[in-house]
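A short worksheet on the structure shown next.
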Amino acid sequence: MMEFKPHQSPLETGWIEVIAGCMFSGKTEELIRRLKRAQIAKQKVKIFKPLIDSRYSQYNIVSHSDQSLPSIVIKDAKDLLEHCKDAQVIGIDEAQFFDNSLVDICNELANSGKRVIVAGLDQDYKGIPFEPIPQLLAVAEYITKTLAICVECGNPADKTQRKVHFKERVLVGAADSYEARCRKCHYIPESE
C-alpha cells in the first residue's frame, strides 16, 4: 500500500511551444523575445540554428528586424541532445530545415522537464505544410501563429511568395527571394 504524502511536490514537467507562420511574420523576433526573458530570469538557455541557415549570421539567430542572439549551429536534430543536458530552456530557430526526428527529440527534451521553444515556417512557398512543423503543432502545449502584412494589398499574410525561379523546395533566402502574401495574392508559379 502506498503512503499518501500531502506536501509532496509535483513532478517537474517540461513543454513545447511552437511559433509558426510565413516569412517576415516575426517568428524569430518572438523566439528571441521569449529567450531573452528566460535569460533575464537567470534560467539556463541554449539556442540552436541549422547549419544550412547562414543568411544573416553564421553563429547567431537573427530576425529580419536585426535582433540577434548567439546560437549553437547544428547539422542534425539529434545533435540537440548532446548540448542540452544542463539547459532549462531550449530555443530552436528555422525548424523546417530539420527532419521529422525533431518531433521525437523535442518530446524527449520536454519529457525530461525542459521548456522547448521552436520557430519555423508552417508552409512552404507552395502553401504545403512544411514538415516537421505540422507534427510539432500536434504535440505542442502552446502554439503561436504569426502573420505578416501582404506586400500586394496590405491584408494579413500567412503565405510565403517565392520571387525567383527555383524548383527545389528548400531555397535559403530573405527579401531577395521571398515576400509575404495573403491567401488572395499568393500564387504558385506556372512552371512549378
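If packing is taken as the average number of other Cβ atoms within 10 Å across a peptide's residues, how do 161-167, 59-65, 94-100, 75-81 rank, most packed first?
94-100, 59-65, 75-81, 161-167
Using helices alone, what [θ] at 222 nm do you get for the chain, with -39,500 (n - 2.57) per DSSP H run of 4 or more residues, divided over all residues and rounded to the nearest 500?
-5500 deg cm²/dmol
Please report the antiparallel percentage of the DSSP beta bridges confined to the chain, to the nearest 5.
Of the beta bridges lying entirely in the chain, close to 30 percent run antiparallel.
Does anyone have the angle between helix 101-111 and the longest principal axis of the chain? Alpha-carbon axes, 0 to 90°, nearest 10?
30 degrees
What number of lysine-lysine pairs in the range 15-146 show an alpha-carbon separation below 17 angstrom, given a sequence spacing of 8 or more or placement on distinct chains?
Number of lysine pairs found: 19.
Using 0.36 nm times the number of residues separating TYR142 and ALA41, minus their current alpha carbon distance, what extension gain do you get?
34.4 nm
Nearest 10 degrees, 0 to 90: what angle lies between the long axis of helix 27-40 and the longest principal axis of the chain (Cα atoms)?
Compared with the principal axis, the helix lies near 30 degrees.
Compare the peptides 144-153, 119-128 by average per-residue count of other Cβ atoms within 10 angstrom and give them in order, highest first.
Ranked from most to least packed, the peptides come out as 119-128, 144-153.
Output needed for the chain: three equivalent-ellipsoid semi-axes, defined as square roots of 5 times the C-alpha gyration tensor eigenvalues, in descending order, whole Å.
For the chain, the ellipsoid semi-axes come out as 33, 17, 16 Å.
How large are Rg and Dmax for the range 115-192 when only the alpha carbon atoms are used, in Å?
Cα-based Rg and Dmax for the range 115-192 come out at 13.4, 43 Å.
Read the figures in this text as sums done on the coordinates, not as results from a lab. Note that this is a predicted model, so its numbers are computed, not measured. All Cβ positions, glycine included, derive from the backbone under ideal geometry; neighbour counts span all protein chains shown.
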